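Only one structure is covered here, and it is reproduced in the block below.
The values are calculated or read from the model by the stated rules, or taken from the named source; none is laboratory data. Being a predicted model, the structure only gives us computed values, none of them experimental. All Cβ positions, glycine included, derive from the backbone under ideal geometry; neighbour counts span all protein chains shown.
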Amino acid sequence: MSGVDPAASADSVAASPPAAPSAPSPLESLLAGLRRAPDVDDTTLVAVDAADRHLLDAVAERVREAPRARIAVLGDTHGALTLGLLALGAAQVHVWQDSIVGREALQGNAGRAALEGFAVHDEAADAVRGASLVLARLPRALDALDELSRIVAREAAPDVVLVAGGMIKHMSLGMNDVLKASFGRIDVSLARQKSRLLTAREPRPGVSLREPERAHEAELGLEIVAAPGAFAGASLDIGTRALLAQRHRMPAWSTAIDLASGTGVVAALLARENPAGRVIATDVSAAAVRSTRLTAEANSVDVEARWADGLDGVPEGTADLILLNPPFHVGAAVHTGMARRLFTEAARVLRPGGELWCVFNSHLKYTPELERVIGSTRQVARDAKFTVTASRRR
């Protein structure tokens with residue numbers, strides 16, 4: 001007779017010790033310890049999401065079977081993919097990130113976890129060259145995905161497998177078509193915890209690289225050049241247009257900064273209108289910095305374009321004027337934390353009496369924060385969509 005021994009009393013059964021919980025795997029222990037720093041952080045934002053875990057689970061067996069194969073990681077947000085691969089046993093991990101904040105987060109997490117053995121590259125092509133496996137976070141912009149898929153098809157091993165993942169709410173059917181332009185076979189995974197993977201194989205021969213987009217902005221008389229993935233592409237977004245419409249009211253300056261420069265339209269215009277002044281442009285995105293440099297070159301002006309987290313590297317109290325159209329996303333999440341960080345950076349770098357001119361969606365009501373962080377703030381222009389303010393450094 002099977003089952004519980006009928007001679008065992010209820011008391012003896014109840015007294016049996018509970019099964020010990022299983023210890024977390026090295027991978028889970030690692031992921032649980034990752035942090036977003038120096039990125040914006042609060043309880044609504046995470047360093048690791050379901051797409052990161054989905055990607056790592058999808059390639060875990062392949063990594064264990066060929067630990068010394070060259071693997072590339074594109075767009076790792078805070079290091080989960082890179083460090084996760086090392087935890088799975090990978091020996092050759094090569095990384096490219098568009099965001100310098102992402103790069104700094106990866107390095108910080110690697111140091112806290114005492115993990116090394118990965119190489120960080122400034123160019124995506126260098127990261128994927130010769131790789132047999134590429135893991136990527138899907139960029140939201142289709143032109144950025146197109147550029148990365150072309151680079152992988154050209155530079156990786158002929159038998160490369162590209163596994164790209166993201167949260168479903170940030171994905172579109174157009175991503176499949178973009179990948180099909182560079183690969184002969186695309187497989188779509190089942191959804192898991194609101195994430196999905198696209199796997200591309202059989203790179204097409206003769207795939208060319210994507211050229212930057214170029215356009216003429218007639219109202220300002222500027223050429224705009226946008227590398228794939230740059231915000232707004234080769235056009236002037238309406239928020240920046242609202243800010244620049246007030247430039248005749250801005251104070252005289254010797255040093256001006258285009259903070260979160262995007263394609264560098266503001267920087268190019270400042271440099272053209274004050275060729276004797278010094279113009280600095282900074283952005284966390286490598287695509288934005290590349291665009292800023294190309295836009296300055298196309299307009300024959302001198303701009304110092306820097307890939308930086310905020311105004312890192314710019315001495316305090318050195319700027320007369322800062323212009324800012326702050327992002328209202330942190331990664332893919334709608335969040336005002338980045339704008340607030342940039343206000344603090346502007347306060348550090350402005351000289352006393354210098355001014356931050358800012359444009360933002362009117363419903364965001366940043367004026368009290370600008371008053372607190374920088375100083376006296378006046379409303380320069382406002383409509384139902386945008387507000388332009390000028391804040392004087394106290």
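Among the strands (runs of 3 or more DSSP E) contained in region 116-177, which hold 1 or more residues that are of a type outside the set (Lys, Arg), under 17 Å from the mean Cα position of the chain (by Cα) and under 20 Å from residue 62 (Cβ atoms)? Outline the logic, then answer.
Values: elements: 118-121, 133-137, 161-167.
Those strands (runs of 3 or more DSSP E) span 133-137, 161-167.
Touching a Lys or Arg at 6+ places or on another chain (Cβ under 9 Å) and not assigned by TED's automatic domain parsing to the domain that holds residue 284, is that true of residue 123?
It is false that residue 123 is touching a Lys or Arg at 6+ places or on another chain (Cβ under 9 Å) and not assigned by TED's automatic domain parsing to the domain that holds residue 284.
What are the residue pairs meeting all of these: first residue in region 357-376, first residue polar (S, T, N, Q), second residue assigned to a helix (DSSP H, G or I), Cβ atoms under 8 Å, and 6 or more apart or on different chains?
Listed by first residue and then by second, the contacts come to 361/239.
From 256, 181, which residue is within 30 Å of residue 357 (Cβ to Cβ) and either in contact with an Asp or Glu (Cβ under 8 Å, 6 or more places away or on another chain) or outside the structural domain of residue 297 (by TED's automatic domain parsing) (or both)? Quick ask: steps written out before the conclusion?
Details: 181 fails: within 30 Å of residue 357 (Cβ to Cβ).
Result: 256 is the single residue among 256, 181 that is within 30 Å of residue 357 (Cβ to Cβ) and either in contact with an Asp or Glu (Cβ under 8 Å, 6 or more places away or on another chain) or outside the structural domain of residue 297 (by TED's automatic domain parsing) (or both).
In region 181-190, which residue that is aliphatic (A, V, I, L, M) and assigned to a loop (DSSP other than H, G, I, E, B) is surrounded by the most Cβ atoms within 10 Å (Cβ to Cβ)? Don't jump to the end; show me each part of the working.
Taking region 181-190 and keeping what is aliphatic (A, V, I, L, M), we get 181, 186, 188, 190.
Now narrow it down to the ones that are assigned to a loop (DSSP other than H, G, I, E, B): 181, 190.
Details: 181: 12, 190: 7.
Here the residue is 181.
Considering each of 108, 84 in turn, give the residue that is part of a helix (DSSP H, G or I) and surrounded by fewer than 21 Cβ atoms within 10 Å (Cβ to Cβ). Can you show your working first?
Numbers: 84 fails: surrounded by fewer than 21 Cβ atoms within 10 Å (Cβ to Cβ).
Just one listed residue meets the conditions, 108.
Of the conditions (1) touching a strand residue (DSSP E or B) at 6+ places or on another chain (Cβ under 6 Å); (2) surrounded by 18 or more Cβ atoms within 10 Å (Cβ to Cβ); (3) within 20 Å of residue 196 (Cα to Cα), residue 178 satisfies every one except a single condition; which number is it?
(1)
Exactly one condition in (1) at pLDDT 95 or above; (2) surrounded by fewer than 24 Cβ atoms within 10 Å (Cβ to Cβ) is false for residue 117; which is it?
Of the numbered conditions (1) at pLDDT 95 or above; (2) surrounded by fewer than 24 Cβ atoms within 10 Å (Cβ to Cβ), the odd one out for residue 117 is (1).
Just for strands (runs of 3 or more DSSP E) wholly inside region 191-254: which have at least 2 residues that are modelled with pLDDT under 95 and buried (at least 17 other Cβ atoms within 10 Å of the Cβ)?
none
Considering only region 312-341, state which residues are at pLDDT below 95 and β-branched (Val, Ile, Thr).
330, 334, 336
Kindly list the number of the only condition in (1) within 22 Å of residue 49 (Cβ to Cβ); (2) in contact with a Ser or Thr (Cβ under 8 Å, 6 or more places away or on another chain) that fails for residue 90.
With (1) within 22 Å of residue 49 (Cβ to Cβ); (2) in contact with a Ser or Thr (Cβ under 8 Å, 6 or more places away or on another chain) applied to residue 90, the lone miss is (2).
Collect the residues in region 166-180 that are under 12 Å from residue 145 (Cβ atoms) and either in contact (Cβ under 8 Å) with a residue 60 or more places away in the chain or of a type outside the set (Gly, Ala, Ser) (or both), keeping them in residue-number order.
Hits for region 166-180 are 166, 170, 171, 175, 176, 177, 178, 179, 180.
Do any helices (runs of 4 or more DSSP H) entirely within region 272-391 hold 3 or more residues that are farther than 30 Å from residue 171 by Cα and touching a helix residue (DSSP H, G or I) at 6+ places or on another chain (Cβ under 7 Å), and if so, which?
Ranges flagged: 337-349, 367-373.
Before we move on, is residue 148 touching a strand residue (DSSP E or B) at 6+ places or on another chain (Cβ under 7 Å), closer than 30 Å to residue 299 by Cβ, touching a residue at least 60 places away in the same chain (Cβ under 8 Å) and crowded, with 20+ Cβ neighbours inside 10 Å?
Values: touching a strand residue (DSSP E or B) at 6+ places or on another chain (Cβ under 7 Å): yes; closer than 30 Å to residue 299 by Cβ: yes; touching a residue at least 60 places away in the same chain (Cβ under 8 Å): yes; crowded, with 20+ Cβ neighbours inside 10 Å: yes.
Yes; evaluated as a whole, the condition is true for this residue.
If only one of 89, 75 is assigned by TED's automatic domain parsing to the domain that holds residue 162, at positive phi, touching a residue at least 24 places away in the same chain (Cβ under 8 Å) and within 19 Å of the chain's Cα centre (by Cα), which one is it?
Just one listed residue meets the conditions, 75.
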